[in-house]
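The values are calculated or read from the model by the stated rules, or taken from the named source; none is laboratory data. Please read these numbers as outputs of a predicted model, since none were measured by experiment. In this analysis, Cβ positions are derived from the backbone assuming ideal geometry, glycine residues included, and neighbour counts consider all displayed protein chains. For accessibility, only protein heavy atoms count, side chains too; no ligands or nucleic acids. Shrake-Rupley method; radii C 1.70, N 1.55, O 1.52, S 1.80 Å.
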Amino acid sequence: MSSSYKTLNVTTSAEGHVVTVELNRPDALNAMNTAMGQDLLRCFEELHRDRTVRAVVFTGAGTKAFCVGGDLKEREGMTDETWRAQHVIFEAAAARVLHCPVPVIAAVEGFAMGGGCELAVLSDFVVCGETAVFAVPEVTRGIFPGIGGTQLLPRIIGAPMAKEMIFTGRRVDAGEARAIGLVNHLVPRGQARARALEIATTIAANGPIAVRQAKKAIAWGSETDLETAMALAIEAYNNTVTTEDRLEGVRAFNEKRPPVFKGR
């Protein structure tokens, strides 16, 4: 992974299997400016190509905010053309997060607002601290939730609740977020990253090809009819049968030891 990012801190675990991507504009509550959009796009393109990586923790610097969405100070006075050009970058970055081939866990402390909430739900699931606040308030500024909120939130929390959040722009605290299924884990303040890293480490110990295939099957299968989805699942299953990792998993079980997967 490259370390030459203007707005991200990217760190890798000792064995290279878990990568932490930290939005690093804490003085601006990690608001997403053009440079951050470019960095996210490049970072997740690299993650897409890196076969060593098995899980990603996606978080924000500081405890005040994961990300408060687009940087409206930078956007002040933008022409329509410039605004659209910037959003094309944001759209591409969002697509790369959504289609990252390995699990992405969002670790949220503080505000996840607008595009920040969307970045969280572009991840596979969310861990949040008890002071986390989620909202998609774009309509209160005459803007549209432009990087997936209108499509992902209904799939995660159901259409009625998603509509309420989007149409009103109201804030959802950590407890309610847990109750409606927006987050998987609610932890004490300041512990979201540690819990996400714990889960990522567990994932990274599993067969990486099997995990990648499972993520792909879930993503593709949820967008089609059940019969087609079952066929996609069988295809994913067959892709693991011929791997060295499958042999290692069975061998380790019979030898009563933890498996050592190589991703082959």
**OP:** Return the pairs, sorted by first residue and then second, in which the second residue is among the hydroxyl-bearing types (S, T, Y), the first residue lies in segment 233-256 and is open to solvent by 100 Å² or more (accessible area, probe 1.4 Å), the beta carbons are less than 8 Å apart, and the residues are 6+ apart or on different chains.
**Re:** R246/T240
**OP:** Identify all residues within segment 18-41 that are in contact with a strand residue (DSSP E or B) (Cβ under 7 Å, 6 or more places away or on another chain) and not aliphatic (A, V, I, L, M); write none if there are none.
**Re:** T20, E22, N24, N30, D39
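Matching residues to (1) hydroxyl-bearing (S, T, Y); (2) more than 24 Å from E109 (Cα to Cα); (3) more than 20 Å from the chain's Cα centre (by Cα):
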position	(1), (2), (3)
G169	no, no, yes
D173	no, no, no
L197	no, no, no
T228	yes, yes, yes
E244	no, yes, yes
V250	no, yes, yes
R257	no, yes, yes
F261	no, yes, yes
Original post:
Just for strands (runs of 3 or more DSSP E) wholly inside segment 106-220: which have at least 2 residues that are out of contact with any helix residue (DSSP H, G or I) (no Cβ under 8 Å at 6 or more places or on another chain) and modelled with pLDDT of 95 or more?
Top reply: 111-113
Original post:
Does segment 163-184 include one or more residues that are of a type in the set (S, T, Y) and open to solvent by less than 60 Å² (accessible area, probe 1.4 Å)?
Top reply: no
**OP:** Restricting attention to segment 186-205, report how many residues are out of contact with any Ser or Thr (no Cβ under 9 Å at 6 or more places or on another chain), touching a residue at least 60 places away in the same chain (Cβ under 8 Å) and not aliphatic (A, V, I, L, M).
**Re:** 2
Subject >> Criterion violated by N24 - all others in (1) touching a residue at least 40 places away in the same chain (Cβ under 8 Å); (2) under 28 Å from T131 (Cα atoms); (3) open to solvent by 40 Å² or more (accessible area, probe 1.4 Å) satisfied >> reply: (1)
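In segment 57-92, which residues are farther than 20 Å from V136 by Cα, touching a helix residue (DSSP H, G or I) at 6+ places or on another chain (Cβ under 8 Å) and open to solvent by 20 Å² or more (accessible area, probe 1.4 Å)?
So the first thing to find is which residues in segment 57-92 are farther than 20 Å from V136 by Cα, and the list is 57, 61-62, 77-82, 85.
In the following step, the residues that additionally are touching a helix residue (DSSP H, G or I) at 6+ places or on another chain (Cβ under 8 Å) were identified as 57, 61-62, 78.
Within segment 57-92, G62, M78 qualify.
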